[in-house]
Amino acid sequence: MTQATPVLKISHLQKRFGKFNALTDIDFAIYPGEVFGFIGPNGAGKSTTIRILLGLLKANGGTATIFGQDVWQHSVAIHQRLAYVPGDVNLWPNLSGGEIIDLLLKLNGDQHTAKTDALIKAFSLDPRKKARTYSKGNRQKVALIAAFSTDADFYIFDEPTSGLDPLNEQLFQTQVLQLKQAGKSVLLSSHILSEVEKMCDRIGIIREGTIVETGTLADMRHLTRTTIDVQTVQSLAHVAELPGVHGLTVKAGQNHVSFAVDADQLTAVMQYLSAQQLVAITSTPPTLEDLFMRYYTAATPDRK
Amino acid sequence: MLKSLVARTGILCRLNLKRDGLKLLIWMVGLAGLFTAIAAKFEGIYGTQTALNTIAKTLKTPAMVSLFGEFTAKMPYTTATIFATEMVVFMAIMMIIMNIMIAVAATRGEEDTGVLELVRAHTVGRLAPLLATAIELTSLNFIIGLLFGAGLQLAQLPGANTTGNWLIGMGLAASGWLFGMLTLCLAQIATTASETTMLSYAIFGGSYVARMVTDVQHPKLTWWVPFGWIEKLDAYQTNRWLPVVCMLLLGLGCLIGAALMSYQRDLGAGLIAPKQGRLRASASLMGPTTLLLRQLRGTLSAWVIGSAVLGAAYGSIFNTIGDLAKSNPMIKQLLGTSALVAANRLIVKQFIAVLAIVLVVVALIPAIQIMLKLVSDEQKGILHQLYATATSRWHVWASYTGVAVVTAGIVLLAGVGGMYAAGHAVMTTPVVWTTYRQVWLAYLPAMLVMVAAASVLVGWVPKWRYLAWGWTFYGFLSLYLGRLIDLPKWARQLTPLGFVNQVPVHALDWSTNWWCLGLTVLLLGLASWGYRRRDLAQ
Ligand SMILES: Nc1ncnc2c1ncn2[C@@H]1O[C@H](COP(=O)(O)OP(=O)(O)OP(=O)(O)O)[C@@H](O)[C@H]1O
Ligand SMILES: [Mg+2]
């Protein structure tokens, strides 16, 4: 991991809405040139975290800095070098898409450039329509075009593709990769795990207002279970008794089973399996989805 | 067929009740309480025959006719007939405002936020939401009408009779209901909630002006103005039910029209098709202020024009009002020409002083609306986009507050200007512009205090922002009716408007102006501080 100064640094961030603790302990950092995936169940606090980062909400505790500056105190200076696209884009109903793109660019001291036109064309947006008449996806495109044509250093996307068709989603991914190649940092919150898996260097999982895990996908895989589908000559009746084996299902008789095994017990289990004379074996590394399920369904701490 | 069109109306009614329950209750209690309280107080104010005769003389003057309608009470005057003359137009205004607000929120408001789309996706008839709103409005008006009637029964005004009491109650209910139904109709024509509101108030304002002009000039013609029907009840005398029938028929017509249009049109669309927008932003669209102005330009021009027309309508009757000799030819010989001119001018000035309050409230409405729009734009999430750019809280707050303040000033200026222009055209010896300017100068600082107070609510307690409407409403009530219902001075001075001492009859008081301006600055400082340190509403 680069030990450069982080673009974004959050430590022990807390937020209460009345008596409800929306965020109890958020801790993570994003480094230059990094795409950080931010995932978690509905209502976990992703958007709340992002709104704090944007200075829209005021944190009750902890610190958050972007470019080394406090997100609440110096929001204007920070926003000069930041672009943001929310999942629910709400626009000024009687302005056209073209006007809104220009306005958002101007407010950040940017210009409508050839790149803007290229993006409008690529996303196939009709810029002359009034925002009131845009579909959800089209409203999102307006915000995305404005964001991608801004020359920022840090991009925040909160479920940016929730309304986009697959073609435009593809385009979004290409654009984010270009940002990454240009050395920009990205915070991407999304429920589309394949998207996160494909694009993100590191991932943070948030649940019930707390970051439960951060790291690269490879790191995380290590923390979880591999699925194994195995067929042997000798009986596998005792596999279930091995430490670290979970969820055994019998496929056919005693000799064909599938189960999940903890990463740290993998070697021992493999040794046992080969002793039973392997006929066929497939092992599937955990997908992000498996990881996700594991964290999402874990016991719920009390948030009140 | 019909059954499927209105399927599940009952469930929607219950939903509406849940959503609007508190709002409806506040209106009901507020209006019925106000009405009954004034009725109860009336006997104390106009207890003697002399008091009744004096007030009758006042109410007969064109100035008062323009505010309260033709004076039709016959000798001997009773407390009840005076009450009927003074209160009916004012209460009808309140009923209509209530109906417009509720009707817009329940129709276009729901459509704008997308709630209606969710509702309609269920097995709910095409016309069910409209019908549910119509039922809600009908019950609301009917209940308030009953409360009015019951209040009058309780108050037992001398000269009142049971038929008259219920006639007034039902007449007010019917006039409110009529405008509620009209708003439902307009909601199908316009494209958004704010457009519907504008259209409704434009028609309401137009009919208010029309009835005023006909009342002063040819009271018979008022029959042609639906808003004027409420003046034709002739309560406690001939007790006419015809106006109530007229209102019900026209309201029913509006409801049928609304249903037909609602059946035809697409969800979220109106009859006015949206135009294509610009390809690129113009150079003038460059920051929060220009953005706000760009959004509001239609609304603001409408307010300026509306205020100017209202002012001009008032001005156009100055020659009728300011002509003592017309009503009493003897006066000319008694006073002599120059004294007569002076007396006439004083009457016109008195009239201007009374009307100023109407123009002030008309100017306050858009100003406060803009101030509160800051919170509703936050809630809609529109401002999140803006704040993600390098735009500070202070800048956005200052834009909304600034535009609100300037709007207050300009709309009032338009009203006063319209009054001057029309007065100048019709009067032989017109009142000079300086007089009108004094009115503007006298009221503006007091208005600014009220806008600034709204800004404080927005900055500190956005949930309580509607208190600003309550205060404005109280200001209107206390000044429009204050003297007639003998409201004590301290009660009239619960709003800064109450400190403006009948300009232009009395001279403009600069010390009041200065403390109002000082208070404004203080409140604005407080508001901007609060707005910069709170969470964005969502
Ligand atoms: N203004 C508010 N007042 C009270 N509670 C709030 C407010 N805003 C958010 N919350 C609560 O805070 C929690 C976190 O919400 P948040 O929007 O951050 O979730 P999220 O992780 O973005 O979820 P999703 O995946 O559905 O977008 C939710 O339980 C939500 O109900
Ligand atoms: Mg969210």
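Calculated [222 nm] ellipticity per residue, helices only, for chain B: -25000 deg cm²/dmol; basis is -39500 (n - 2.57) per DSSP H run with n ≥ 4, divided by all residues, nearest 500. With neighbours defined as other Cβ atoms within 10 Å of a residue's Cβ, the residues B:Trp229, B:Trp464, A:Trp72, B:Trp241 order from fewest to most as B:Trp464, B:Trp241, A:Trp72, B:Trp229. Axis angle, to the nearest 10 degrees, between helix A:166-181 and the longest C-alpha principal axis of chain A: 80 degrees.
Which angle from 0 to 90°, rounded to the nearest 10, does the C-alpha axis of helix A:97-107 make with the longest principal axis of chain A? Tilt of helix A:97-107: around 80 degrees.
Shape summary of the stretch A:8-220, radius of gyration then Dmax from alpha carbon positions: 16.7, 49 Å. Where Lys and Arg each count +1 and Asp and Glu each count -1, what net charge lies around B:Tyr466 among other residues with Cβ under 15 Å from its Cβ? Local net charge: +3.
Simple point charges give the picture: +1 on the Cβ of Lys and Arg, -1 on the Cβ of Asp and Glu, and for the stretch A:8-220 a dipole about the Cα centre of about 640 debye. Across peptide B:443-453, the average count of Cβ atoms from other chains found within 10 Å of a residue's Cβ is 0. The peptide list A:23-31, B:444-452, put in order of mean Cβ contacts within 10 Å with the highest first, becomes B:444-452, A:23-31. Here is how the number arises for chain A: DSSP H runs of 4 or more residues each give -39500 (n - 2.57), the sum is divided by the residue count, and the result at 222 nm is -9000 deg cm²/dmol.
Residue-wise HN-Hα couplings along the stretch A:85-96, as the Karplus relation 6.51 cos²θ - 1.76 cosθ + 1.60 with θ = phi - 60° gives them from phi, are 10, x, x, 9, 8, 10, 10, 5, x, 9, 9, 7 Hz; Gly and Pro carry x. Would you please classify the overall shape of the stretch B:447-518 from the alpha carbon gyration tensor, given that a ≥ b ≥ c denote the square roots of the eigenvalues, rounded means a/c under 1.5, and beyond that prolate means a/b larger than b/c while oblate covers the rest? Since a/c reaches 1.5 but b/c is at least a/b, the shape of the stretch B:447-518 is classed as oblate.
Taking 28 Å as the straight-line reach from the Cα of A:Lys115, the lysines in range (excluding those fewer than 8 positions away in the same chain) are A:Lys106, A:Lys129, A:Lys130, A:Lys136, A:Lys141, A:Lys180, A:Lys184, A:Lys198, B:Lys275.
So if I take the centroid of the Cα atoms in the stretch A:182-217 and the same for the stretch B:421-446, what is the distance between those two points in Å? Spelled out, the Cα-based centre of one part sits 67 Å from the other.
Averaged over A:45-51, how many beta carbons belonging to a partner chain fall within 10 Å of each residue's beta carbon?
If you average over the peptide's residues, the count of other-chain Cβ atoms is 1.
Against chain A, whose longest principal axis comes from its Cα atoms, helix A:266-275 is set at around 40 degrees.
How high is the FRET efficiency between A:Ile281 and A:Asp27 when r is their beta carbon distance and R₀ equals 30 Å, given to the nearest 0.05? The pair A:Ile281/A:Asp27 has a calculated efficiency of 0.15. For A:Lys19, the aspartates and glutamates whose Cα falls under 16 Å of its own Cα, not counting residues fewer than eight places away in the same chain, are A:Glu208, A:Asp302, B:Asp535.
The dipole here belongs to the protein assembly as shown: it is taken about the Cα centre, uses +1 on the Cβ of Lys and Arg and -1 on the Cβ of Asp and Glu, and is about 2200 debye. Give me the distance between the Cα centres of the stretch B:42-107 and the stretch A:224-267, rounded to whole Å. Comparing the Cα centres of the stretch B:42-107 and the stretch A:224-267, I get a distance of 90 Å.
Counting each pair of different Cα atoms once, what's the Kirkwood radius of the stretch A:225-285 in Å, rounded to one decimal?
That comes to 11.1 Å for the stretch A:225-285.
Note on the protein assembly as shown: semi-axes of the ellipsoid equivalent to its C-alpha gyration tensor, largest first and rounded to whole Å, are 66, 31, 23.
Per residue of peptide A:101-114, the mean number of Cβ atoms on other chains within 10 Å of the residue Cβ is 4.
With helices defined as uninterrupted DSSP H runs, which ones in chain B have an alpha carbon span along their own long axis of at least 24 Å and mean Kyte-Doolittle hydropathy of at least 1.6? Spell out each step's value before the answer.
Values: long enough: B:9-45 (47 Å, 0.93); B:79-104 (37 Å, 2.10); B:128-155 (40 Å, 1.54); B:162-189 (41 Å, 1.16); B:193-217 (36 Å, 0.40); B:242-264 (33 Å, 1.89); B:288-315 (37 Å, 0.76); B:337-379 (63 Å, 1.57); B:393-426 (50 Å, 1.06); B:433-460 (40 Å, 1.13); B:510-533 (35 Å, 0.40).
Membrane-span-like by this criterion, though nothing is claimed about a membrane: B:79-104, B:242-264.
When the Cα convex hull of chain B is projected onto planes of every orientation, the mean area is 26.6 nm². The aspartates and glutamates whose alpha-carbon is closer than 16 Å to the alpha-carbon of A:Lys9, local same-chain residues fewer than 8 away aside, are A:Asp25, A:Asp27, A:Glu34, A:Asp70, A:Asp153, A:Glu213.
Coordinate-derived values only; no laboratory data. Note that the structure is a prediction, hence the values are computed from the model and not measured. Ideal geometry is used to build each Cβ from the backbone, glycine not excepted, and the neighbour counts take in all protein chains shown.
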